[in-house]
Every structure is written in structure tokens, then in C-alpha cells.
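Here is the structure we will look at, set down as C-alpha cells.
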Amino acid sequence: MDLTELLEIGEKERQSERSIRIRVCVAAGCLSANAQAVKQSLESAVAEAGLADSVQVAGVGCIGLCSGGPLVAVDPENILYEKVTPADAPSIVSALQGGAPATARQADFNHPFFTKQVPIVLENSGKIDPERIEDYIAANGYQPLYHALREMKPGDVVDTITKSGLRGRGGAGYPTGLKWGLVAKVKSERKFIVCNADEGDPGAFMDRSVLESDPHRVLEGMAIAAYAVGATQGFIYVRGEYPLAISRLQTAIRQARKLGLLGSQIFESPFDFRIDLRIGAGAFVCGEETALMGSIEGKRGTPRPRPPYPAEHGLWGFPTLINNVETFANVPAIIRNGADWFAKIGTEKSKGTKVFALAGKIQNTGLIEVPMGTTLRTIIEEMGGGVPDGGAVKAVQTGGPSGGCIPAQALDTPVDYESLASLGSIMGSGGMIVMDQQNNMVDVAHFFMEFCTDESCGKCVPCRAGTAQIHHLLSKIREGRAIAQDLDTLDRLCAMVKQTSLCGLGQSAPNPVLSTLRYFRPEYEAFLSTPETASETASDGRGPASPAR
Amino acid sequence: MLYVSRRDGPAQGVIMESATATAKTQGNGRNAAKGLAADTRQKMLAAAMKRHQYQADALIEVLHTAQELYGYLDPELLVYIAQGLKLPPSRVYGVATFYHFFSLKPKGRHTCVVCMGTACYVKGAATLVKTIEGYAKVRSGETRSDGSMSLIQARCIGACGIAPAVVLDGAVVGKQTPDSVVNHLKGWLENGSDRTA
């Protein structure tokens, strides 16, 4: 494979495109709403209308507006239909020929949900067929890899990433270039690249969507990283709960290998790189990098103290670079468009864009990508359309069990790593769950603490015993058996777990409790009063107790 | 491969006590554990271990394969894997019990997984669980005594856009209400019908 061949594949693909393209979202959300049947009936409607020469029906990745699924988009008219049923298919096709308008409901591509987005990671998402490498190549895919391998030195690649200001999208926001530089510097006969696709935060589905919609972008990002740091083997550690993402990754790896875009002497350079999948087995703690490496080695996923960091002592003791899916997905665009282009997007300290998964009590649920620094209000009220049925936002939960609940009065906060941290939450991987007045915050804190108690790996005492004690205390509060002093104990216990736990899971587990205590203390106090008052509150907007596992 | 699907079915008759003890696995001269029936599944499991060159690192991959083949991980199966990968049984047991994905108990003919991710939770997933527990008379995490159905809670299946979501025998259904989910389950429980048979 050389550049000419690559360009030829892309050109051939573009030429084979027909004048009208009907895109059907076949990512997990729409698939569960019967998108496959919609696609089939569109295909037969096209065939029946004798339009097979001019109309193409393509299964594409996530279009973003999951609440409207199944979604169907028509190019070049730029029409988006939502909640499409197989019965709508003939009318959609006849509308193409100037017939009566389709029976399916039309969604508005000019809604802020779409117009306020700046797609970099999701650039191809919902546009290309994730199961065809040719489609990715036609969208200029794998050219950045060629550029890096043949026209840049490894050090230049690291410099470009450093200059771009890209920070880890897994949550902590460590500067990516710095991490790459550390691994590149270490001398070792073997080095590894790991893509962390163990998207464990409940309420987050950005990585799943990227892998299902544009898997080659992640493979290309990993290959560029491998070249930059001198690694020859990569692993993608993907959740077992994502069967579709797994199968699309397998397809993508096979296709890339077949075309020589992975394997030996890629683009006729001395660079070899192979990627293998590792399937997770349902342990939240494996999102922590040292635990994840243990799991790849076939062991229990328990973290170990750092240093030594994976950059020096990673998989099987060799230097290892671990980045998140979204981080790798940014890399090809940065190599293609340059560091300055990327650095212009976002805020001073948080560059680029961030993908968020909007869910919970919000009108438009789905996936969005916005520049860093966009305010929560813009995201939730303008793009998300606010709470359905005229309800009011009470809080926004970011960062999953490691994050916090941001109260409605802080909605004008710009979204970047530092601002969210100052509110007691974290950027996290990008889950954003909106809660309304129906959601009791003590209940939410209890929910997350139950999660952390169950997911604590048990290696260190503060996390293993501390989360259990916090959970116990929260249950006591919810049941109206607590006194004022218990809230102080809760505070102290949270501080202890935060400061003394071994890994990120324990260190951040108290965040949902601390943030709700900070902003919604009256809700805790309401449970403290006499047992009579407690039983009154029980019928007032308190969700049912979550059953113990 | 995610949830024990119909294909995997009930695991009865998997471990035959009268199994003809030691079946030789493919070409490698390794002996199968006593009690594990020498059937196609065992051959496939042996082939999976061979494909990974009996590397200890492949333990989780092998456990995935074993659970796919047998539906759950019986202690005898774990011993067999330990021998194949030359690992202490304690290590295999430790790994198998560490990860939520692996089940050491057989599952029901049908599996109902309720997603308890945050998005589903704020939209009433806990009520769904309560409703199902009451309707199907099965506790979360357990299997009905007649083996017809298992009820499981999932951490998050990433279908937050269509919360609350439930997975019925591997098929995700979104935007569920207590009524709609009970409707789905009716067919499974009434007259003990087994569509998979």
C-alpha cells in the first residue's frame, strides 16, 4: 500500500456513490428501536421504485439524536427523519421523486442540537458506513497516518500533539503530548499502546458510539501514537457489554490488516504495528490504568501504586502508553490539520472539543460534540431542549460515580477541566445526566455509593471498608434513622476515603456525596428530623430505594 | 456473546458425572479434568486454549469462551481450564469471581437484564426491577426456581439515549414502563412455555 493506492481506493469509492444517499443510523440506540427493519424496507422501497441506480441506502454510525431513533437522513437534501418505522419507507422514497411529503416526522437539522456542534471526533459519525474501510478512506482516512510515517519523525509527531494542547479525554485531563513524550523517551526493546475502551461510567456512551460509528479513526490514532513512541503492539480493552462495538472493531482490524494499514511495514516504511482486542469482563475498576493492565495480563483487575507509571513500567513490565478512545480519535485530525488549528478551538487550558452523552431528564438525549468552554446552559437548555414537559433542571451529574452533581444555579459554568473541578465535579469521560425536581439528591448519592461499594476491588482498606460505611450511613439517613451528627461523620468519612484510597476509584468515590452535601444539604437535613417528617418526605419525590445487589 | 442468549440455553446436562474421564485435547497431550464431558464444546474450549498457546495471560479470553459455550462456569470447568493453562485453580477461581460478567451458577432459559445505569436509574429503572421481582417472583440476581428466567441488573449498557432500557434474551428494548416490561415477560412465564426449545 502506498499513497497512490490509498487515494485510488478513496476515489473509486467516491465515484461509486449515487446521487442520493439515504443514511440509516445503525448504532446501538437506533438498532434497538428497529433500525435494521427500517433499513431493509427502505432498500426494498428503493428497488421497487426502480431507483437502485440513483439512490443508495447506507447503514451509518450514530447520527446523535438518540431520543429520535430510528433516524434516517437523506443527502444531498439534508433532511432528517426521526422515529421512522418500516411503514414510512415507501413514502420517504416517493418524496425523493417529488411525491407527497413522507409520513415520517421530520427533525430539524438547524436545531441548536446540531448547529452548535463542532465535530472533530464525530466528524464521520453518522456519515460513513463503519463496516467499510473504503468509506473511511474516501473521507480522507489513513492519510494522516501516511503523513506521519513518511513525512514526520516520531519526535515531530509528539511535538505536534504537545503543541495542540490535547488532554486526556478519559477524565483526568493529563496532557497527551507529555505522556507520549515520556513513553518515547524510555529505551526498551518492547513498548505497548493501550486504548482504554472500558467505558464504565454509568450514563456515558461516547466511546461506545465512536467505536460503533468510526472504528478506523481509533485504529489510525493508535497507529500514529505507536509510531511516535516506538511501540509495535497495541491492545484495545473494550467492555464486554458492548457487543456491537466489539464486532465492528474486529471487522475494522481485519480490513486494515488486509490492506496493509496495520501489520508489517505499513505504507512501505519500516514501521510494524498490530492491534489486538481484549474484552473486559465487567469490572468498573478496570478503567483505572494499572488495573486495566492487570486485566489484559489475565489477572484480577486490582490497581497498584504509582509510580512507577505505565510509561516506564506497564504491560508485562514494558513501557506502555494508555489513552482513552476519544483521545486517540482526536489524533488523526490533529495530524491532518496541524497543532495550531486544534489549539484555536476551546479555552486557554482545555483545547479542542469534548463529546458528551446527554441523558436523563432532557428532551433531546444523544451525543454531542462541543468546543471546550461551552456553558452547561447552552448544552442543556439550547441543545438539549431542557427538561421535558416544562420541568426545571435541578442538577447535572457529570463524571459518573467519580463526579459530582452540579446545581442548576451553576449552569452558566463553561465546560472545561478546571471549572468542573472547582464545582466539586470532574469532566470525566463525558456522561452528562440531567436531573429534575423528581430526583432526590440523597437518593442519587446513595445510588452512586452503592455502585462504588460493589465495584471497589477490595485491595485497599479505605475504599473497601470506607465506601461500605458511607453507603451504610446514607441508607441510615434515607431511612430517617440518622441524627445531625451523622452528617458530620459522613463528611469526615468522605474526606478520609478521598485522601487515603489507593486509586482513582476510591479517591473520587465520595464526590457524588460531597457535592450533594455541598449544594443540596437541606435534602439531607429533611431526612434527619423526626420519623414522622421522614415518612412524609418519602412520598414527596423520593425515588424508590434501589434494591441491594 | 454478552448475555446468555437462547443459543446458550440451559446448561443442564453439561457436566456429566459419568463422563469418560480423560479426553485428550487436541494434539497437545493435555488431559481433560475428570468429570468434564468430552463433547464438541469441550473440543472448542480446548481449541481456544491452544489458539492462545496455553498462555496464562489468555485466562480471561478462555473464560469468556467457556461461558459462551457452557452458559456458566462450573467449578469442574474452572479446574479444567486451570490445568490447560497450567495455573493454580485458586488463580482461575479468583479471576472468575472477580469479574461480574462471569457466572458460576446456571442461568434460566430466559434472561432479563435491567440496566441500572444513572440515566436509566433517574428514569425509573429501580421501579422496573421491583415490578419484575413482584411479577415474576424472582429476586434480582437470581433465577426462578423452575429455571424459566433469570433477573439481572446491569451496571450500564450504554443505551442511555433510550433509558430506561431492558435487555431481553440479548435484545435491547428502550423506554420501558412497568406495564410494557411485564408484557414482554408474559410469554416467558405463562404455561412455562419455552420458545427456545
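Tabulated data
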read-out	value
Residue within segment A:334-342 that is at pLDDT below 95 and either in a loop (DSSP other than H, G, I, E, B) or under 17 Å from the mean Cα position of the chain (by Cα) (or both) present	no
Exclusive hit being more than 12 Å from every other protein chain (Cβ to nearest Cβ) and free of Cβ contacts under 8 Å to residues at least 12 places away in the same chain, set B:P106, B:P88, B:P75	B:P88
First in segment A:15-40 and within 12 Å of another protein chain (Cβ to nearest Cβ), second anywhere and among the charged types (D, E, K, R) and in a helix (DSSP H, G or I), Cβ under 6 Å, 6 or more apart	A:A27/A:E212
Selection status of A:T327, assigned to a helix (DSSP H, G or I), outside the structural domain of A:E455 (by TED's automatic domain parsing) and closer than 24 Å to A:S508 by Cβ	yes
Residue under evaluation A:A283, criteria (1) surrounded by 24 or more Cβ atoms within 10 Å (Cβ to Cβ); (2) modelled with pLDDT of 95 or more, criterion not met	(2)
Segment A:333-360, residues that are surrounded by 24 or more Cβ atoms within 10 Å (Cβ to Cβ), of a type in the set (V, I, T) and within 16 Å of A:P119 (Cβ to Cβ)	A:I334, A:T353, A:V355
Candidate set: segment A:397-419, residues that are under 19 Å from A:G170 (Cα atoms) and touching a Leu at 6+ places or on another chain (Cβ under 9 Å); chosen: the one surrounded by the fewest Cβ atoms within 10 Å (Cβ to Cβ)	A:P414
Helices (runs of 4 or more DSSP H) wholly inside segment A:474-549 containing at least 1 residues that are under 30 Å from A:T290 (Cβ atoms), at pLDDT 95 or above and more than 14 Å from every other protein chain (Cβ to nearest Cβ)	A:484-500, A:504-508, A:511-519
Flag if A:V121 is within 32 Å of the chain's Cα centre (by Cα), crowded, with 22+ Cβ neighbours inside 10 Å and not charged (D, E, K, R)	yes
The listed residue being closer than 22 Å to B:D57 by Cα, touching a residue at least 12 places away in the same chain (Cβ under 8 Å), within 11 Å of chain B (Cβ to nearest Cβ) and hydrophobic (A, V, I, L, M, F, W, C), out of A:I236, A:I246, A:I253	A:I246
Residues located in segment A:396-409, provided they are small (G, A, S) and away from chain B (no Cβ under 11 Å)	A:S402, A:G404, A:A408
Qualifying residues in segment A:410-448 (those that are within 14 Å of chain B (Cβ to nearest Cβ) and assigned to a helix (DSSP H, G or I)) - the one farthest from A:I380 (Cα to Cα)	A:H446
Search result, residues across segment A:364-383 that are in contact with a helix residue (DSSP H, G or I) (Cβ under 7 Å, 6 or more places away or on another chain), buried (at least 18 other Cβ atoms within 10 Å of the Cβ) and not in a strand (DSSP E or B)	A:N364, A:T365, A:M383
Selection count, segment B:137-177, where residues are crowded, with 17+ Cβ neighbours inside 10 Å, more than 27 Å from A:R208 (Cβ to Cβ) and within 14 Å of chain A (Cβ to nearest Cβ)	1
Long-range neighbours under 7 Å by Cβ, at least six apart or interchain, first residue within 24 Å of A:G171 (Cα to Cα) within segment A:432-447, second among the acidic types (D, E)	A:M441/A:E523
For A:K187: the one exception among (1) more than 10 Å from every other protein chain (Cβ to nearest Cβ); (2) within 16 Å of the chain's Cα centre (by Cα)	(2)
Boolean, A:G298 is touching a residue at least 60 places away in the same chain (Cβ under 8 Å), touching a helix residue (DSSP H, G or I) at 6+ places or on another chain (Cβ under 8 Å) and not acidic (D, E)	no
Test: residue in segment A:128-148 that is of a type in the set (G, A, S) and either part of a helix (DSSP H, G or I) or surrounded by fewer than 16 Cβ atoms within 10 Å (Cβ to Cβ) (or both)	yes
Candidates A:L315, A:L292, filtered to the one that is touching a Phe, Trp or Tyr at 6+ places or on another chain (Cβ under 9 Å) and surrounded by fewer than 24 Cβ atoms within 10 Å (Cβ to Cβ)	A:L315
Filter result for the condition that a residue is over 30 Å from B:C120 (Cα atoms), at pLDDT below 90 and touching a Ser or Thr at 6+ places or on another chain (Cβ under 9 Å), over A:G99, A:G29	A:G99
Index of the failed condition, B:C115 passing every other in (1) surrounded by fewer than 22 Cβ atoms within 10 Å (Cβ to Cβ); (2) modelled with pLDDT under 95; (3) not small (G, A, S)	(1)
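This table checks each residue for (1) in contact with a strand residue (DSSP E or B) (Cβ under 8 Å, 6 or more places away or on another chain); (2) farther than 13 Å from A:D214 by Cα.
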| position | (1), (2) |
| --- | --- |
| A:V118 | yes, yes |
| A:V121 | yes, no |
| A:I128 | yes, no |
| A:E131 | yes, no |
| A:E134 | no, no |
| A:M152 | no, yes |
| A:G170 | yes, yes |
| A:G173 | yes, yes |
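The values are calculated or read from the model by the stated rules, or taken from the named source; none is laboratory data. Keep in mind the model is a prediction, meaning the values are calculated, not measured. Using ideal geometry, Cβ is built from the backbone for each residue, glycine included, and neighbour counts are taken over all protein chains shown.
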